[in-house]
Amino acid sequence: MAEFNLGALSLTSGVSNPTRTINLSNFEDTYSFSVTSDRNINLGVVGPESLTVQVFRDFNGNGVVDGADKQIAINSNTRTNEAINLSAFASDVDPGSYIARVSREKQTIDFGISRPYSLKLSADPVSTPSKILAREHSFSPLFNNSRLQSFKGSVGNTDNTDTAILAVLDKGSYRFELKDLTADADFRLIQDRNNNRIVDPGEAMTTSRRGGTRSEVFTRELEVGNYFLQASQVSGNANYTMTVAPVVI
């Protein structure tokens, strides 16, 4: 087990930690950090699946998970990157100290197999999307003749951002829509040009903020490459349908 103190999270940029490895000799890492104002707290474990990430409210500020602390989120998804996206409106999300724990139960670690990962974190303004690009959903590769693809999801206080990855294999015009909204949510397209899995200045290509439950929609000419789509909470708990399709001329 290793313990790292990240200090106060930046209010303007994401934090990318060096690659660590979970294996039989190191089945748990913990990261202590703090936020200094009302902010969303977003984390992503980028690397192999089958790890568990937890966030604890470190009420006594000692940097160690103990009886004084409270788990406020957990993600152990086995098919995608593990992500936690907590709104500042969520219970126990306040200025103060926190601990993130990345682990896998020792008895379930495959013998001889190491699982390298990098933990990304950001403290983002209320009602704004996460800066972390952890793959939570995947679209099939997009071609000029692809059929419309869609999936349903939701964003709210305990999951303020959903991030989907898509690979564009034909240069062309594509249409993106966030529809069937039950509350206000925003929608944006990102190209992670430096591949650090953090949204840096200039990497958000298009953002739709129409307000209310109106569909968020835009069309973009795209080069061949990888892109990310994010649906993010503005207020309330919003169910949605996200769609992507080529523009047929």
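When the dipole is taken about the Cα centre of segment 2-124, and only Lys, Arg (+1) and Asp, Glu (-1) are charged at their Cβ, what size is it in debye, to the nearest 20?
280 debye
Hey, could you get me the Stokes-Einstein D for segment 126-249, Kirkwood radius over alpha-carbon pairs, 4 °C and 1.567 mPa s, rounded to whole µm² s⁻¹?
Roughly 90 µm²/s, to the nearest whole number.
Please work out the FRET efficiency for the pair residue 144 and residue 74, using the Cβ-Cβ distance as r and a Förster radius of 35 Å; give the result to the nearest 0.05.
Rounded to the nearest 0.05, the efficiency is 0.25.
Based on the alpha-carbon gyration tensor of segment 2-124, what equivalent-ellipsoid semi-axes (square roots of 5 times the eigenvalues) come out, in whole Å, largest first?
24, 15, 13
So for segment 163-211, averaging the separation of alpha carbon pairs under 8 Å that are six or more residues apart and normalising by length, what relative contact order in percent results?
Normalised by residue count, the contact order of segment 163-211 is 34 percent.
How big is the charge dipole of segment 142-202 about its Cα centre, in debye rounded to the nearest 20, if each Lys and Arg gets +1 on its Cβ and each Asp and Glu gets -1 on its Cβ?
Using only the charged Cβ atoms, the result is roughly 300 debye.
Pairs 70/179; 131/179; 131/152: which are spaced more than 26 Å apart, C-alpha to C-alpha?
Those over the limit are 70/179.
Work from the charge dipole of segment 137-246 (Cβ charges, +1 for Lys and Arg, -1 for Asp and Glu, about the Cα centre) and give the residue of 187, 245, 139 farthest towards its positive end.
Projecting each Cα onto the dipole axis, the largest value belongs to 245.
Comparing 216, 203, 136, which has the greatest mean-square fluctuation in the GNM of the chain with Cα pairs linked when under 10 Å apart?
Among 216, 203, 136, the largest GNM mean-square fluctuation belongs to 203.
Kirkwood hydrodynamic radius of the chain from all distinct Cα pairs, in Å?
One decimal place: 18.7 Å for the Kirkwood radius.
Just so you know, all these numbers are worked out from the coordinates, no wet-lab data involved. Everything numeric in this text was worked out from a predicted model, so none of it was measured. Backbone-built Cβ (ideal geometry, glycine too); neighbour counts: all protein chains shown.
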